[in-house]
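Please read the structure below before turning to the comments.
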Amino acid sequence: MKEDVKPIDASSIGVPAKTASPAGDAVEVSLYEIRKKIYPRAVQGWFARWRLTLVVLTQVAFYGTAWFEWNGRQAVLFDLVHRKFYIFGFVFWPQDFIYLTALLIISALSLFLFTAVAGRLWCGYACPQTVYTEMFLWVERKIEGDRAARMKLDQGALGARKIGLKAAKHGVWIAIALWTGFTFVGYFTPIRELWFAVIARSTGPWETFWILFYGFATYGNAGWMREQVCKYMCPYARFQSAMFDKDTMIITYDRERGEPRGGRAKSADPANLGLGSCVDCGICVQVCPTGIDIRNGLQYECIGCAACIDGCNQVMDKMGYAQGLIRYSTTHAVENRLSRTEMFTRALRPLVLIYTGVLLAIVIAVLFSLVTRVPLKVDVIRDRASISREVEGGQIENVFRLQIMNTTERQRRFVLRADGLPTLSIAGSDRFELEAAGTQMVTVRARVQPGAVAAGTHKIRFVVEAEDDAHVAVTEKSVFVVRN
């Protein structure tokens, strides 16, 4: 997608512009425009209510889940120190990295699917940048007023009222940002312990750093940078066009119905004036969080929030015109005047079906793996200091170290056995206990009777089984070495 860059006078950014010479030399100007602050206007409507709903749901989940308890511990906790990851009833270990990989693949495919069907739904409704910008804008409107009041305040002279309003706004912003940083760190350090440490001002250096870092990132991105993150920092804006086609639902302006645009009295007949339905009020631009004019067509800056749809529909209602001058539609539907049924029918195209099929297959496979997952892990490591040796009675002994992890949240007693060779047995105790979500290194001495096995390497198996549940069992292979 080609981006129009408007050159401006270089002197406006402090760089003297080179003027044209009498000989007609080219003039050098800066291609980098100073950011113009955007003052999004508040809007009401169906899509605005959806955005508000998503803001509430995502933040209740984010701020609330960290305090939720499960089996006497934090329900969701990524305990990096002890290398345990608790997610409600599941306990994951670093060996379960495959599930993180699957989660990332599912997230990517979901993003591709939603984008192919309905554009930037993620950006417009659930992206943290969008959500926190909405929260910060709500605070700004409550303290400084709506669009016109904020513009007037910024343009006015610095005084006690302006300083007070700005200080109040930034104070609330900083409080939200720090609480966000605190909550985020609370998913890696038990949040109740972290709370008391913060109160006592005894947090560790890394906890302090990350609380301040994420607080600063939230404050800077949602309070200051806002649309700049979506337009220039987010890579999704740049490669979204690769996932769009003419049957992707996007926010469109009905040019055939709206043009030519122009102002008119409510009682005037636009047909007699030679005008379309667009009254050129500029509401669609005023409510846009990225400051674009959707009437110029699809632009990479559009995050699909649909604020322009709500704003335009309000104007259409006041003028007595039909809604939908700006609406969710597809390029094919607009060009060919398709009905909604025809438009939705075309949505079930091969690309969407492929994304859906692959996504469902991966989700089902992951769920099946989680349901049938054995809550026990065993790693066998040979003791290289004593690969093979002769012990009392002429028996041949190999020493192994078994790293055993009990991934359930209750203490369990396990039974160990070895098989695969004649007379193979375990010297010493073959029973041991593991604490809840605990790990233990068990030294195992496996022996065979003299002459029972020829010299060389032989495959064997170790079986670790819970005494109270035969289904909780793991079999690991290894080799038994007999020297000449």
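The values are calculated or read from the model by the stated rules, or taken from the named source; none is laboratory data. Not measured: the values here are computed from a predicted model. Cβ coordinates were reconstructed from backbone atoms using ideal geometry, including for glycine residues, and neighbour counts include every protein chain displayed.
Numbers below:
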| read-out | value |
| --- | --- |
| Residues of region 161-198 that turn out to be of a type in the set (Val, Ile, Thr) and farther than 20 Å from Pro128 by Cβ, as a count | 3 |
| Residues satisfying the stated conditions in region 210-253, i.e. outside any helix (DSSP H, G or I) and charged (D, E, K, R) | Arg226, Asp245, Lys246, Asp247 |
| Residues (under 18 Å from Thr331 (Cβ atoms) and of a type in the set (Ser, Thr, Tyr)) located in region 272-306 | Tyr300 |
| Tally, over region 426-444, of residues that are farther than 22 Å from Trp93 by Cα and surrounded by fewer than 16 Cβ atoms within 10 Å (Cβ to Cβ) | 6 |
| Residue in region 383-425 that is modelled with the lowest pLDDT, counting only those that are surrounded by fewer than 16 Cβ atoms within 10 Å (Cβ to Cβ) and basic (Lys, Arg) | Arg384 |
| Odd one out for Tyr187 among (1) outside any helix (DSSP H, G or I); (2) more than 19 Å from Leu57 (Cα to Cα) | (2) |
| Of all residues in region 147-174 being within 16 Å of Leu212 (Cα to Cα) and more than 23 Å from the chain's Cα centre (by Cα), the one that is surrounded by the fewest Cβ atoms within 10 Å (Cβ to Cβ) | Gly171 |
| Only one of Ala306, Ala365 that is under 30 Å from the mean Cα position of the chain (by Cα), aliphatic (A, V, I, L, M) and at positive phi | Ala306 |
| Given (1) closer than 29 Å to Ser369 by Cβ; (2) more than 15 Å from the chain's Cα centre (by Cα); (3) surrounded by 16 or more Cβ atoms within 10 Å (Cβ to Cβ), number of the condition Pro94 does not satisfy | (3) |
| Residue in region 42-65 that is free of Cβ contacts under 8 Å to residues at least 60 places away in the same chain, assigned to a loop (DSSP other than H, G, I, E, B) and basic (Lys, Arg) present | no |
| Within region 222-252, considering residues that are among the aliphatic types (A, V, I, L, M) and touching a residue at least 40 places away in the same chain (Cβ under 8 Å), the one surrounded by the most Cβ atoms within 10 Å (Cβ to Cβ) | Ala222 |
| Residue count, region 263-303 (criterion: among the polar types (S, T, N, Q), assigned to a loop (DSSP other than H, G, I, E, B) and without any contact (Cβ under 8 Å) to a residue 60 or more places away in the chain) | 2 |
| Count of region 423-482 residues which are at positive phi and out of contact with any Lys or Arg (no Cβ under 7 Å at 6 or more places or on another chain) | 3 |
| Scope region 41-87; condition under 19 Å from Pro128 (Cβ atoms) and touching a Phe, Trp or Tyr at 6+ places or on another chain (Cβ under 7 Å); matching residues | Trp50, Arg51, Leu54, Ala66, Val76, Phe78 |
| The one condition in (1) within 30 Å of Val81 (Cβ to Cβ); (2) surrounded by 20 or more Cβ atoms within 10 Å (Cβ to Cβ); (3) over 15 Å from the mean Cα position of the chain (by Cα) that Thr133 fails to fulfil | (1) |
| Those residues of region 403-434 which are over 49 Å from the mean Cα position of the chain (by Cα) and touching a residue at least 40 places away in the same chain (Cβ under 8 Å), in sequence order | Leu421, Leu424 |
| Residue that is farthest from Tyr321 (Cα to Cα), among those in region 230-266 that are small (Gly, Ala, Ser) and modelled with pLDDT under 90 | Ala242 |
| 2 or more residues modelled with pLDDT of 90 or more: qualifying strands (runs of 3 or more DSSP E) within region 67-158 | 76-79, 84-87 |
| For Ala437: the one exception among (1) farther than 30 Å from Asp96 by Cβ; (2) touching a residue at least 60 places away in the same chain (Cβ under 8 Å); (3) of a type in the set (Gly, Ala, Ser) | (1) |
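Residues are listed down the side, and each one gets a yes or a no for (1) under 25 Å from Gly89 (Cα atoms); (2) in contact (Cβ under 8 Å) with a residue 24 or more places away in the chain:
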{"residue": "Ile381", "(1), (2)": "no, no"}
{"residue": "Arg389", "(1), (2)": "no, no"}
{"residue": "Glu397", "(1), (2)": "no, yes"}
{"residue": "Arg401", "(1), (2)": "no, yes"}
{"residue": "Pro450", "(1), (2)": "no, yes"}
{"residue": "Phe462", "(1), (2)": "no, yes"}
{"residue": "His471", "(1), (2)": "yes, yes"}
{"residue": "Lys477", "(1), (2)": "no, yes"}
